[in-house]
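The values are calculated or read from the model by the stated rules, or taken from the named source; none is laboratory data. Computed from a prediction, not measured in an experiment: that's the story for all the values here. Heads up, the Cβs are rebuilt from the backbone with ideal geometry, glycines too, and the neighbour counts pull from every protein chain shown.
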Amino acid sequence: MRKLLFTLLIGLMAHGLFAQKFYTTSGGELILSLAEINSGDAPTPQNIVRFSPWFNVQSLGNVDFGDHAGMFFGLNVRNVGFIAKDNSTQVKKKYRVYDLGIPVGFKLGNMDSFFVYGGYEFELPFNYKEKTFENEVKTGKFNVWFSDRVPTYYHSVFVGFQFPYGANLKFKYYLTPFHNADFVEKIDGVDVKPYENFETNVFYLALSFTMFRNSKVYYKSSNSHRVVVEY
């Protein structure tokens with residue numbers, strides 16, 4: 001009897017959820033990222049803003065419970081990282097990963113105009129790249145798939161604003177440090193942990209358009225009537 005009641009309850013919840021307005025959206029992001037750096041006893045390197053317009057895509061499933069609340073979930077591919085420069089040696093490092101992300105969040109406000117949203121994202125880094133510059137000249141670069149230099153996964157949180165006509169502004173913070181502090185590599189036959197005293201948490205500001213489907217374009221037709229196009 002209890003199993004039957006539990007099954008009926010789950011069925012009613014699922015029916016209630018999918019009886020709401022459901023739709024899918026997709027879009028990209030223009031990302032400006034920095035990092036919170038803790039280098040232990042060593043001097044903290046200069047943190048330089050990193051701009052990454054490519055390749056950032058996201059696909060979201062949206063459930064609107066009404067005109068003023070909803071939730072979303074999805075699948076993202078994102079290029080995220082940071083730049084650090086040691087001004088004493090003029091050595092600059094660029095670090096980045098490509099992540100596969102699974103976001104879950106909630107929306108509050110006017111679903112057809114302005115609303116705020118926030119949530120959590122679980123991300124799996126699948127490609128790592130590191131570049132080295134000395135006196136602005138590139139002296140090294142490598143690219144590794146599923147590298148042990150970074151954690152197996154990241155936890156991150158985000159909050160954002162969806163404006164009328166489709167513009168979207170989001171802030172995101174990574175709770176998981178960017179590098180794996182226990183990673184070991186051999187340099188001249190000696191085991192070294194290059195990121196042991198270099199803890200960084202990336203955060204970024206992203207601008208996107210049509211991330212959610214409340215984008216409207218207004219224009220006047222030849223007969224002077226206003227026409228609304230939704231996409």
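Per-residue answers, yes or no, for (1) of a type in the set (Asp, Glu); (2) at pLDDT 95 or above; (3) touching a Gly at 6+ places or on another chain (Cβ under 8 Å); (4) over 30 Å from Glu134 (Cα atoms):
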position	(1), (2), (3), (4)
Ser59	no, no, yes, yes
Val63	no, no, yes, yes
Asp67	yes, no, no, yes
Gly70	no, no, no, yes
Gly81	no, yes, no, no
Thr89	no, no, no, no
Arg96	no, yes, yes, no
Asp99	yes, yes, no, no
Please go through region 193-206 and pick out each residue that is part of a strand (DSSP E or B) and either in contact with a Phe, Trp or Tyr (Cβ under 7 Å, 6 or more places away or on another chain) or surrounded by fewer than 12 Cβ atoms within 10 Å (Cβ to Cβ) (or both).
-> Thr200, Asn201, Val202, Phe203, Leu205
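For every residue, the table says whether it meets (1) without any contact (Cβ under 8 Å) to a residue 60 or more places away in the chain; (2) surrounded by 12 or more Cβ atoms within 10 Å (Cβ to Cβ); (3) touching a Leu at 6+ places or on another chain (Cβ under 9 Å); (4) hydroxyl-bearing (Ser, Thr, Tyr).
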| site | (1), (2), (3), (4) |
| --- | --- |
| Phe22 | yes, yes, no, no |
| Gly28 | no, yes, no, no |
| Ala35 | no, yes, no, no |
| Asn38 | no, yes, no, no |
| Asp67 | yes, yes, no, no |
| Asn79 | yes, yes, no, no |
| Ala84 | no, yes, no, no |
| Lys93 | yes, yes, no, no |
| Pro103 | yes, yes, yes, no |
Of the residues Phe72, Phe55, which single one is among the aromatic types (Phe, Trp, Tyr) and exposed (fewer than 15 other Cβ atoms within 10 Å of the Cβ)?
-> Phe55
For residues in region 126-167 being farther than 20 Å from Gly70 by Cα and small (Gly, Ala, Ser), which is surrounded by the most Cβ atoms within 10 Å (Cβ to Cβ)?
-> Ser156
Which one is nearest to the chain's Cα centre (by Cα), of the residues in region 149-192 that are more than 23 Å from Phe212 (Cβ to Cβ), part of a strand (DSSP E or B) and modelled with pLDDT under 95?
-> Glu185
